[in-house]
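Comments concern the structure below.
The values are calculated or read from the model by the stated rules, or taken from the named source; none is laboratory data. On a predicted model such as this, the values are computed, not experimentally measured, just so you know. For neighbour counting, all protein chains shown are included, and Cβ atoms are generated from backbone atoms with ideal geometry for every residue, glycine included. Remember, those area values only see protein heavy atoms, side chains included, never the ligands or the DNA or RNA. Shrake-Rupley method; radii C 1.70, N 1.55, O 1.52, S 1.80 Å.
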Amino acid sequence: NSSSVKEFILLGLSQNKGVQKICFVVFLLFYTLTVAGNLLIVLTVTSSWHLNSPMYFFLCHLSFIDVCYSSVTAPQMISGFLVENNTISFAGCIGQLFGFHFFGCTEIFLLTAMAYDRYVAICRPLHYNALMSRRLACWALVTACWAGGFIHSIIQTLLVLQLPFCGPNMIHSYFCDVLPVVQLSCTNTALTEWLMASNSGLISLGCFLVLVASYVLILAKVWAHLSQGHWKALSTCASHMMVVTLLFVPVIFTYLRPAGTLPSNKYVCVIYTTFSPMMNPLIYTLRSNEVKESMWRLWKRCR
């Protein structure tokens, strides 16, 4: 890489000093809730012997990923509200880009695996224990999710690293993402932008379509066999669908479009970088009596 740019300036969400102070308080609160809520779920699931079903196994990994995912962007953004120029080194920017896509893509794959788990539980209950053995199937699915996220982020990062950066260094966002960074390159990046956007966009759209298909099959099964057990399972799926919508819709909007047709909307990015990781523990715990009861028992043990 023949880059002469040593650092980038992140322009953030607003240049207004009053707005920046409000954003500092709000996003610091959001990040604190995200880390505390997700770590509480990890601690609850790992310390409760009866939360040993595949659903809670995946939920534990989802919460861990959310802590890492939000920590890639939030600290830099929050500290940026307090300084005149929020700068990030070239290496730091590439590292942030890699981490953002690594944890983000892993989460997308994990949500798809969780949808498969719910599909098997509802539509093939007699085969569930055989198909979703925690030791084999669950670990295999989680490993595949992490591997897929790593491969995706490596591809994105290498595509950025082969570009020269020798001119402007102001990123019109609050973190280093592929498109805002690539647009600063001092060469024609139309093909690179298209490859990157289609990579992230097609992964998001493909997983989203798989998720929708699984829920259509689950709904068909529930309508055909109206029972209390099926409705309980459907309730779990409803919470899962809330998480999916919160994450996938803005991600698809951001990435699945021709390069350069629309400016990067940093306010849409806030939904899947900040709100989605924060809402996951709330959505799952509010709709799961088992998790709430386990948290209460954990609280009484720690007192």
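Things worth noting here:
- Using θ = phi - 60° and Karplus 6.51 cos²θ - 1.76 cosθ + 1.60, couplings along segment 111-124 (whole Hz; Gly, Pro as x): 4, 5, 5, 5, 5, 4, 4, 5, 4, 5, 4, 8, 8, 9
- Compared with the dominant Cα axis of the chain, that is its longest principal axis, helix 228-255 is turned about 10°.
- Simple point charges give the picture: +1 on the Cβ of Lys and Arg, -1 on the Cβ of Asp and Glu, and for the chain a dipole about the Cα centre of about 920 debye.
- Couplings 3J(HN,Hα) of segment 52-58, computed from phi: 10, 7, x, 4, 6, 4, 5 Hz, in residue order, whole Hz [Karplus 6.51 cos²θ - 1.76 cosθ + 1.60, θ = phi - 60°; x for Gly and Pro].
- Solvent-accessible surface ranking, highest first, for C123, C138 at 1.4 angstrom: C123, C138
- Of the residues F275, Y215, A91, the one whose Cα sits farthest toward the positive end of the charge dipole of the chain, with +1 on the Cβ of Lys and Arg and -1 on the Cβ of Asp and Glu, is Y215.
- Where only C-alpha atoms are counted, convex hull volume of segment 100-184 per residue in Å³: 95
- Residue-level accessible surface for W146, protein heavy atoms, 1.4 Å, Å²: 60
- For S14, net neighbour charge (Lys/Arg +1, Asp/Glu -1) across residues whose Cβ lies under 13 Å away: +3
- When E193, E84, E290 are compared by accessible area at a 1.4 angstrom probe, the order from most to least is E84, E290, E193.
- Accessible area (Å², per residue) of the chain, counting only protein heavy atoms and a probe of 1.4 Å: 47
- Largest accessible area first, the listed residues Y116, Y215 line up as Y116, Y215 when surface is computed with a 1.4 Å probe on the assembled protein chains.
- Taking the C-alpha atoms only, the angle from helix 289-302 to the longest principal axis of the chain is near 80 degrees.
- Centroid-to-centroid separation of segment 136-170 and segment 7-49 [C-alpha atoms, Å]: 23
- For K221, a cut-off of 18 angstrom between C-alpha atoms picks up these aspartates and glutamates, skipping any fewer than 8 places away in its own chain: D117.
- Dipole orientation for segment 7-302: of the candidates V72, A36, A130, A130 has the Cα lying most toward the positive pole (charges on Cβ; Lys, Arg +1; Asp, Glu -1).
- R297 accessible area, assembled protein chains, probe 1.4 Å, Å²: 100
- Listed peptides 28-34, 12-18 by packing density, highest first (mean Cβ within 10 Å): 28-34, 12-18
- Accessible area (Å², 1.4 Å probe, nearest 10) - M241: 60
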